[in-house]
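Q: There's a structure below that I have some questions on.
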Amino acid sequence: MAFFPAQDSSLPAKSLFSQSAVLVLERDFPSSDISYLLFDARSGTLLSSRWDDPARPIPLGSLVKPFTALAYGETHENKFPSHFCRGEASGCWQVHPHGKLDLVSAISLSCNSYFRALAENLTGEQLIPVAKRFGLDPPDPALSGPPLMGLGDRWPIAPIKMARAYLELYHRRDQPIVRDILAGMAQSARNGTGKGVGEAMKREDALVKTGTAPCTHLHAAPGDGFVIAMVPANQPELLLLVRVHSVPGATASLTAGRMLRRLEE
Ligand SMILES: [Zn+2]
């Protein structure tokens with residue numbers, strides 16, 4: 001599979017792809033409920049976008065979880081707990097228990113119970129070095145607990161910075177915690193919260209993280225769904241960040257998968 005023409009990486013080929021990507025996405029996904037940023041994952045170039053002010057920080061929900069995990073690892077000698085999610089009873093978004101989880105499955109399922117445990121004793125101060133390294137808007141140093149794993153609206157981040165932070169994550173794929181995070185994102189596309197991407201693309205070769213956050217649109221809904229998808233999983237060529245108004249992140253992952261499928265055709 002190749003999203004780009006298999007010739008040398010000359011600029012004309014890329015700008016041609018960029019123009020056709022814009023046309024395809026505008027034609028087939030015209031809904032104003034859908035916002036997106038599409039990047040060339042290898043160069044970091046923004047290929048196409050529809051997003052009012054992507055540099056304005058907004059709550060991005062569970063998209064922050066990989067960075068929460070990194071801050072936890074760095075302050076706990078890279079040792080992660082084995083956690084038992086009891087569902088709603090232990091503060092998860094899912095009513096039914098996720099059961100026993102490690103970091104890989106917790107990323108795949110975006111388990112709030114697991115990440116509440118990680119964030120419990122973290123402070124914004126401890127997240128700042130990670131935020132800096134990945135180019136994210138830093139949290140308030142005094143922040144602690146659930147806002148640091150993406151609950152609520154107290155750690156807003158610019159969508160354009162978040163997309164680039166995931167490209168940086170992939171660049172650091174050989175680092176120990178990052179390896180588990182990326183394994184969790186691959187698992188997410190197969191049978192986690194990002195499986196809509198795998199289903200819509202009709203193959204499960206993607207790295208996906210989903211999130212749900214308080215809506216910041218003018219006509220506010222209870223929440224917006226977010227998806228970061230990098231394809232293919234092995235040496236990504238594209239990174240797509242999608243926001244869908246008024247749906248959970250897991251539902252938004254279907255939209256992201258359909259967009260990627262159309263780009264691939
Ligand atoms: Zn859970």
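The values are calculated or read from the model by the stated rules, or taken from the named source; none is laboratory data. Since this is a predicted model, take the numbers as computed values, not measurements. Cβ sites come from the backbone with ideal geometry, for glycine too, and all protein chains shown count toward neighbours. For the accessible areas, the whole protein counts, side chains as well, though only heavy atoms, and no ligand, DNA or RNA atoms are used. Shrake-Rupley method; radii C 1.70, N 1.55, O 1.52, S 1.80 Å.
Q: Once R0 is set to 51 Å, what does the formula 1/(1 + (r/R0)^6) return for the Cβ-Cβ distance between L23 and H96, expressed as a FRET efficiency to the nearest 0.05?
A: 0.75
Q: Mind checking the range 62-117 for trypsin sites (Lys or Arg not before Pro) that DSSP puts in a loop (not H, G, I, E or B) and that have at most 10 other Cβ atoms within 10 Å?
A: K79
Q: Calculated from DSSP H runs of 4 or more alone, at -39500 (n - 2.57) each and per residue, what is the 222 nm mean residue ellipticity of the chain, nearest 500?
A: -12500 deg cm²/dmol
Q: Now for a different question. Straight distance only, please: which aspartates and glutamates reach the Cα of K100 with their own Cα at less than 17 Å, same-chain residues fewer than 8 apart left out?
A: Excluding near neighbours in sequence, the set is E88, D180.
Q: In square angstrom, rounded to the nearest 10, how much accessible surface does E199 have for a 1.4 Å probe?
A: 110 Å²
Q: Only helices at least 24 Å long along their axis, Cα-based, and averaging -0.5 or more on Kyte-Doolittle count here, so list those DSSP H runs from the chain.
A: 11-28
Q: Next question, about the same structure. Find the accessible area per residue for the chain; the probe is 1.4 Å, ligands and nucleic acids are left out, and the unit is Å².
A: 43 Å²
Q: Moving on. Straight-line reach from K132: which aspartates and glutamates fall under 16 Å, measuring Cα to Cα and dropping same-chain residues less than 8 apart?
A: Here the aspartates and glutamates satisfying the reach criterion relative to K132 are E74, D140, E168.
Q: What figure in square angstrom, to the nearest 10, would you give for the accessible area of D137 with a 1.4 Å probe?
A: Solvent-accessible area, nearest 10 Å²: 30 Å².
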